[in-house]
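Following: one structure in structure tokens, then a few remarks.
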Amino acid sequence: MPTEAEQANEDLVNRFCRDWSKQDAALLTTYFAQPFEYMVWEGGPVITTNESFIKQMGPFLTKLKSVDWVVVRSYAVGSMVINERIDHFYAQDSKYDNHPHIAGMFIVRNGKIAVWRDYNMG
């Protein structure tokens with residue numbers, strides 16, 4: 001049975017995942033602690049500032065027709081939240097749609113995401 005804090009952490013991460021559908025990089029940064037670490041892809045660069053996140057993700061998000069992250073399951077253990085997701089990125093031209101199957105690992109501190117790492121399950 002999750003503690004109240006664990007449930008709050010899981011709820012925060014699930015709201016963050018749902019808000020990707022709004023395609024607003026600045027909105028997404030409101031979920032981040034300061035400082036934070038986001039590993040863009042497994043072994044890839046790590047973003048640590050809101051400005052860098054917006055610069056990296058803003059143009060990508062605005063080019064898409066829509067985004068829908070489906071959380072298949074999630075679990076909180078203390079400050080860590082792990083979720084399994086299918087991230088649906090719908091391009092203007094459907095032949096460029098992308099649907100990665102992801103395992104996400106988040107560390108939540110004081111109600112904000114301090115660390116976020118995604119791992120491709122495909």
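With charges only on Cβ, +1 for K and R and -1 for D and E, what is the dipole size of the chain about its Cα centre, in debye, rounded to 20?
The dipole of the chain has a size of about 220 debye.
In debye, nearest 20: dipole of the range 34-87 around its Cα centre with unit charges on the Cβ of K, R (+) and D, E (-)?
With Lys and Arg at +1 and Asp and Glu at -1, about 180 debye.
Counting only protein heavy atoms and using a 1.4 Å probe, what share of the accessible area of the range 8-122 belongs to carbon plus sulfur, as a whole percent?
Here it works out to 54 percent.
List the equivalent ellipsoid semi-axes of the chain in whole Å, largest first, each obtained as the square root of 5λ for an eigenvalue λ of the Cα gyration tensor.
Its equivalent ellipsoid spans semi-axes of 23, 17, 13 Å.
Can you give the angle from 0 to 90° between the axis of helix 4-19 and the longest principal axis of the chain, with both taken from C-alpha atoms, to the nearest 10?
Taking Cα atoms only, the helix is inclined about 10 degrees.
Evaluate the Kirkwood expression for the hydrodynamic radius of the range 46-92, namely the inverse of the mean inverse distance over all pairs of different C-alpha atoms, and round to one decimal in Å.
One decimal place: 12.8 Å for the Kirkwood radius.
Just the accessible area per residue of the range 8-98, please: how many Å² with a 1.4 Å probe?
The answer is 55 Å² per residue.
Going toward the positive end of the dipole of the chain, with +1 on Lys and Arg Cβ and -1 on Asp and Glu Cβ, which of Met1, Ala33, Tyr75 do you reach last?
The listed residue farthest towards the positive side: Ala33.
Under a point-charge model restricted to the Cβ atoms of Lys and Arg (+1) and Asp and Glu (-1), what is the dipole moment magnitude of the range 82-122 relative to its Cα centre, in debye to the nearest 20?
Dipole size: approximately 280 debye.
The values are calculated or read from the model by the stated rules, or taken from the named source; none is laboratory data. Here the structure is a predicted model, which is why all the values come from computation and not from measurement. Backbone-built Cβ (ideal geometry, glycine too); neighbour counts: all protein chains shown. Each accessible area value is taken on the protein alone, full model and side chains, heavy atoms only, with ligands, DNA and RNA left out. Shrake-Rupley method; radii C 1.70, N 1.55, O 1.52, S 1.80 Å.
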